[in-house]
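Notes to accompany the following structure.
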Amino acid sequence: MPYKRLGWKKKILLACLLCILPFMLSSPHSMTAKMLQDSANGAKILILNYHKVDNMNISLSVLPKDFDAQMAYLKENGYHTISPGELYASLTEGTELPDKPVLITFDDGYADNYIYAYPILQKYDFKGTIFVITSFMGTQKNYLTWEQAREMEAHGISIESHTVTHKSLTELSDDQLRAELVNSKKTIEEKLNKQVEFLAYPTGTYNLHIAQIVKEAGYKGAFTIKYGNVDKASNMYALERVPVFHTENTFKSFLERIQYVPIFERLGWIKS
Ligand SMILES: [Zn+2]
C-alpha cells in the first residue's frame, strides 16, 4: 500500500517503528557482544590496596580490628588469596585461579604491616603482597626492617618493589627512572634471595613510556591506583586496584568498594 494512502494513525506507528528499529536491532547485538567480550576476558579479579594497618585515625590507616573484620568477611564469603605470580600466570598463560581470587596488597612497607596485618593474615591463612621503598627499609622509623621482611617472605607474603625513594616516576629523567627500578629490584633480590617481578607505582603515576622502561627493567607487571577490577583485558603494566580506607564506617565502605566495582564495569568502564 502506498505511504500516502495510509491513515494518520498508521503513519505515526510506522514513524515510531522506524525510530525504535535501530535500537531493536542494535541493543541485543551490542549486549551479546558485551557478554561475549566479558566471557573472553575471564573472571574479574579483586586486588585490594592498603597502606597502614594501625590504631591511627587517618584515612590511609585501617584499624587492626577493622582489618580483621575485612579478612573474616573475605574468608567467610569464599574468597581465596593469591600471589602476584599467580595473577600473572592466570592473565598471561590462562592458568586456573581458585574461586573468588583476591590479591591483598600494601604500599610503602610500614612496620605496622608486620606488627598488625601479618598476624591477622596468618590467622586466616591468607597470602599478601607488600611493595617496599628500599631506601627506607631499616633506616626510617616506622618502616619494615629486612629481618621482618625476610620472615614474612618465608610465610606467604611477597615482598615486591615500590622503588628506592618513592619519587613520582613522571618527574624523573630516564636514567633516574631506570636507577629507581633496577636498584630497588636488585636490593630486594639480594636481601631476600628471591626474584622481584612486580612493582607498585609510587603515588600511582605512570605513563606508557614509564611502563615500557618498567618492562625493560625486568618486571612482569606493575600496579596502579586506578580503581577497578583486573581481567584479561587489563594491561599488565597498569593493573587496577581497589583502595581500602579508614572512614566513618570502614566496614560499610569496604563492602561498597568491593561490590561496586562490577557495577562500574557493567556501565561501560573502559580500560586504558
Ligand atoms: Zn606509596
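Every number here is computed from the coordinates shown, using simple stated rules; none is lab data. On a predicted model such as this, the values are computed, not experimentally measured, just so you know. As a convention, Cβ positions derive from the backbone with ideal geometry for all residues, glycine included, and neighbour counts pool all protein chains shown.
Annotations
- Per this entry, I120 is not counted among residues that are within 23 Å of E151 (Cα to Cα) and out of contact with any helix residue (DSSP H, G or I) (no Cβ under 6 Å at 6 or more places or on another chain).
- Extreme residue, surrounded by the fewest Cβ atoms within 10 Å (Cβ to Cβ), among residues of the range 87-139 that are within 27 Å of A233 (Cα to Cα) and out of contact with any strand residue (DSSP E or B) (no Cβ under 8 Å at 6 or more places or on another chain): E93
- Here L192, L169, L208 are screened, and the one residue that is free of Cβ contacts under 8 Å to residues at least 60 places away in the same chain, farther than 19 Å from P84 by Cα and in contact with a helix residue (DSSP H, G or I) (Cβ under 6 Å, 6 or more places away or on another chain) is L169.
- All positions within the range 195-217 that are surrounded by fewer than 15 Cβ atoms within 10 Å (Cβ to Cβ) and within 21 Å of I157 (Cα to Cα): Q195
- Qualifying residues in the range 200-214 (those that are within 11 Å of the ligand (Cβ to nearest atom) and touching a Phe, Trp or Tyr at 6+ places or on another chain (Cβ under 8 Å)) - the one farthest from G128 (Cα to Cα): Y201
- Enumeration of residues in the range 167-188 that are surrounded by fewer than 14 Cβ atoms within 10 Å (Cβ to Cβ) and among the charged types (D, E, K, R): E171, D174, D175
- Residue within the range 100-120 that is over 23 Å from L192 (Cβ atoms) and free of Cβ contacts under 8 Å to residues at least 12 places away in the same chain present: no
- The number of residues in the range 160-191 being β-branched (V, I, T) and over 16 Å from P202 (Cβ atoms) comes to 0.
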